[in-house]
1. Residues that are buried (at least 17 other Cβ atoms within 10 Å of the Cβ) and without any contact (Cβ under 8 Å) to a residue 60 or more places away in the chain, at least 3 per element: which helices (runs of 4 or more DSSP H) completely within region B:50-156 meet that?
2. In region B:157-183, how many residues are in a loop (DSSP other than H, G, I, E, B) and of a type in the set (A, V, I, L, M)?
3. Could you grab me the full set of residues in region A:12-30 that are at negative phi, surrounded by fewer than 21 Cβ atoms within 10 Å (Cβ to Cβ) and touching a helix residue (DSSP H, G or I) at 6+ places or on another chain (Cβ under 8 Å)?
4. Considering each residue of region B:184-232, count those that are part of a loop (DSSP other than H, G, I, E, B), more than 19 Å from B:E110 (Cβ to Cβ) and either of a type in the set (V, I, T) or touching a strand residue (DSSP E or B) at 6+ places or on another chain (Cβ under 8 Å) (or both), and give that number.
5. So B:E4 clears everything in (1) at pLDDT 95 or above; (2) surrounded by fewer than 24 Cβ atoms within 10 Å (Cβ to Cβ); (3) under 28 Å from B:T235 (Cβ atoms); (4) of a type in the set (D, E, K, R) except one condition, right? Which one?
6. I'm told B:I45 meets every condition in (1) aliphatic (A, V, I, L, M); (2) under 21 Å from B:V244 (Cβ atoms); (3) within 14 Å of chain A (Cβ to nearest Cβ) except one. Can you identify the failing condition by its number?
7. Does A:V40 fit the bill of being away from chain B (no Cβ under 14 Å) and under 25 Å from A:D101 (Cα atoms)?
8. What's the total number of residues in region A:1-37 that are assigned to a loop (DSSP other than H, G, I, E, B), away from chain B (no Cβ under 14 Å) and either over 18 Å from A:R89 (Cα atoms) or of a type outside the set (A, V, I, L, M) (or both)?
Protein chains: 2
Amino acid sequence: MTGELPMRVPDAGLPARVRIHEVGPRDGLQNEKTIVPVAVKAEFIHRLADAGLTTVEATSFVHPAWVPQLADAAELMPLLEDLGDRAVRLPVLVPNERGLDRALSLGVREIAVFASATESFAQANLNRTVDETLTMFEPVVSRALRAEVPVRGYLSMCFGDPWEGPVPAAQVVRVVLRLLDLGCEEISLGDTIGVATPGQVTALLGALGEAGVPPGRLAVHFHDTYGQALSNTLTALRHGVTTVDASAGGLGGCPFAKSATGNLATEDLLWMLQGLGIDTGVDLRRLVATSDWLASHLGRPSPSRTVRALSHKES
Amino acid sequence: MTGELPMRVPDAGLPARVRIHEVGPRDGLQNEKTIVPVAVKAEFIHRLADAGLTTVEATSFVHPAWVPQLADAAELMPLLEDLGDRAVRLPVLVPNERGLDRALSLGVREIAVFASATESFAQANLNRTVDETLTMFEPVVSRALRAEVPVRGYLSMCFGDPWEGPVPAAQVVRVVLRLLDLGCEEISLGDTIGVATPGQVTALLGALGEAGVPPGRLAVHFHDTYGQALSNTLTALRHGVTTVDASAGGLGGCPFAKSATGNLATEDLLWMLQGLGIDTGVDLRRLVATSDWLASHLGRPSPSRTVRALSHKES
C-alpha cells in the first residue's frame, strides 16, 4: 500500500470536529449473550480511552436481575478511577433514584436516563406511560444536577416503533422538550429499530430546530438493522449535529425490539469521518485492534465491516 | 405493525426517480464460490425482473476458464428470451471481440466493457496498460454500435487501489473521457475496494462535471467493504446521479482485490430510496424473498442487513 486510505477529502457543509459518544461497554455488552468478566470490561474501557475516545459510557446501574451482563457495575467503577483523572468522561445509565444513589456513592460524575418517544416502548421497557417515566426521572435529574453531575437523556424510538410504525416528529419534539426542561444537558435521538432514512432525519432535526432546540444539544444514535446508520449519521452532520453515538465493533442492539441488530460500529463511522477530514481524536487502527481483542472474548467475529476488512488485511 | 416502514419522507436535492442497474447475476455470482446451475440463474433473473428490476446484468462472455461461475453464458441467454420481449434490459459483459461475437450471435442487445482507472489493476486484471485496454475495447465498442447495441463502460478503482492507494480524480476523468469518446453510453464509476468517502465522491463528480460529463451519463458502483456504500450513493444522488449499481442480497465482490467484500445490497439501497420516496419500480418484499431463495442455493445467509432483518421478521 503506497498511499494511506481512506483518502482525506473534506465535503462542504460538515463540521470540523465530531465527538464520538462510545456506547460499546454499556449499550453493546448489555445486548451480548456472553457475560464478560469485570476485568475484561475494565481493560476494554481502558483500551477505548487509549485509542482516543474521550466519552465512554461505562455501565448501567439498573437492577442486576434486569441486565445480568452489567450486574458488576459497582465492581467496575473503582477499576476506572485513573481514567477520570485523565479527563475521560465515563457516564453511566441510571433508571431511577436507587440507581442514582449507587452511582453517586461510587463517585460517578456523569449519568444518563433512558426515555421513550412512544407509549408502546415506554410500556414494554419501563411498564409506564411516557409521562410517568418523565415523572420518575424528575427527581433523578434534579438530584444529579444538585450534585453537579450532568445528565444525558436517551430517547428511544424517535423514527419508528415495532408496534406503532412510523413515529411523528411532533411526538418526538414534545418529549425532547420535556427532557430538556427536566435539566438534561444533551438528548440522544435513538433509532432503536434502525428504520430511519435521511429525509426523516432532516425532518426531525428541522422540527427540533423550529421548536428552539439547537443541534449542539443533540446527539444521534442510529442502528444498522437495515444498513442505514451511516447515511443517517451523515445527514445529521449536514444539519449541524456534532455528537454521534457509536459502539466499538458494532456491539449490541436492543433486546426488546425484535428485529434490532447492532449499533452503528464506531470503526465504520470513523472510516467515514477520517475520509472527510473530520477530527475525532480517535486512532482507527488501535480501535480495530481493541474490537478484535474483545471479539475473541465474545467468541464471535465483529459485525463491523471496517473491523473485518482491516483485521483481514493485518492477519 | 400498524404503520408501513420505512416511513416515506422526501429530502431536498434528490432525484424523483432512480434506475437500479442490478448486477447480482453477473458481478455477484461471478464472485461466489458456489457454481449455480443455469436453470437457477434463469429463475433468479426472472424473479429479479418480476420484482420490478428493469436492468439486470445477466452474465459475462469472458473465457470460461477465467470465470467458471459464468461459463454457461451461451446456455443462459436463450432461457431469458421472454424477458427481452417484456422490455427488461439484459446487458452482458464482454472482454474482447471474441466475446462480442458470441454475445451478438445469441441476440444480446446491450453490452458492457470493463476498464481500470489505475495501471496496477489494468495489469492485474487484463495484463495490459490502461491505454492498451482502451485500444482493445475500441473495435468492440465500434462493432457493437454498428449492430445498434449500446455499450456501458465499467471503470474500476475510481477512488482507491490496493496497490497504489488513493486515486487522483484527474486520472479517473481522463479514462472516463476516453471511454465516452469510444462511444460508451454510460460509465459506471466503481469503488472496487470500497474505500471511498462522501468528500471523494463529491470531488470526483465535480471534476467530471468540469470536464463536461453530465451526471446522466454516469452510474455509481460502490462496495461495502468498510460499510460506506450507501453514504457514498446518497452523496452521488445529491450530485445528480440517477443510476445506481447494486447486487441483490449483496452478492459478490472482486476476486482480485484482497479485502473486497460484497457490492452494495440492492435491498439496503431500496430501503433508503423507498424511505426517501424515490421511485424505482421495485418491490422490496419480492426482492427479499428472491435473495432468500438464492441464499438457500448458495448455502449461506445473505450479507444484506435488510434481507436479514425482513427474513427474520417473516420467519
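1. Numbers: elements: B:73-76, B:81-85, B:97-105, B:119-126, B:130-146.
In region B:50-156, B:97-105, B:119-126, B:130-146 are the helices (runs of 4 or more DSSP H) which contain 3 or more residues that are buried (at least 17 other Cβ atoms within 10 Å of the Cβ) and without any contact (Cβ under 8 Å) to a residue 60 or more places away in the chain.
2. Of the residues in region B:157-183, the ones in a loop (DSSP other than H, G, I, E, B) are B:157-159, B:162-164, B:167-168, B:183.
Subsequent filtering for residues that are of a type in the set (A, V, I, L, M) retains B:157, B:167.
Of the residues in region B:157-183, 2 are in a loop (DSSP other than H, G, I, E, B) and of a type in the set (A, V, I, L, M).
3. At the first step, the residues of region A:12-30 found to be at negative phi are A:12, A:14-30.
Checking which are surrounded by fewer than 21 Cβ atoms within 10 Å (Cβ to Cβ) leaves us with A:12, A:14-17, A:19.
The answer is A:A12, A:L14, A:P15.
4. Step one: of region B:184-232, the residues part of a loop (DSSP other than H, G, I, E, B) are B:184-185, B:192-197, B:211-214, B:224-228.
Within this subset, residues satisfying the condition of being more than 19 Å from B:E110 (Cβ to Cβ) are B:192-197, B:211-214, B:224-228.
Filter once more, so that each one left must be either of a type in the set (V, I, T) or touching a strand residue (DSSP E or B) at 6+ places or on another chain (Cβ under 8 Å) (or both): B:192-197, B:213, B:224-225, B:227-228.
Total meeting the criteria: 11.
5. The single condition B:E4 does not satisfy is (1).
6. Result: B:I45 fails condition (3) only.
7. Working: away from chain B (no Cβ under 14 Å): yes; under 25 Å from A:D101 (Cα atoms): no.
Against the criterion (away from chain B (no Cβ under 14 Å) and under 25 Å from A:D101 (Cα atoms)), A:V40 does not qualify.
8. Kept after step one, since they are assigned to a loop (DSSP other than H, G, I, E, B), are these residues of region A:1-37: A:1-16, A:18, A:23, A:32-37.
Applying the additional criterion that residues be away from chain B (no Cβ under 14 Å) yields A:23, A:32-37.
After this cut, where a residue has to be either over 18 Å from A:R89 (Cα atoms) or of a type outside the set (A, V, I, L, M) (or both) as well, the list is A:32-37.
Within region A:1-37, residues that are assigned to a loop (DSSP other than H, G, I, E, B), away from chain B (no Cβ under 14 Å) and either over 18 Å from A:R89 (Cα atoms) or of a type outside the set (A, V, I, L, M) (or both) number 6.
The values are calculated or read from the model by the stated rules, or taken from the named source; none is laboratory data. Just so it is clear, the model here is predicted, and its values are computed rather than measured. When we count neighbours, we look across all protein chains shown, and the Cβ atoms used for this are built from the backbone with ideal geometry, even at glycine.
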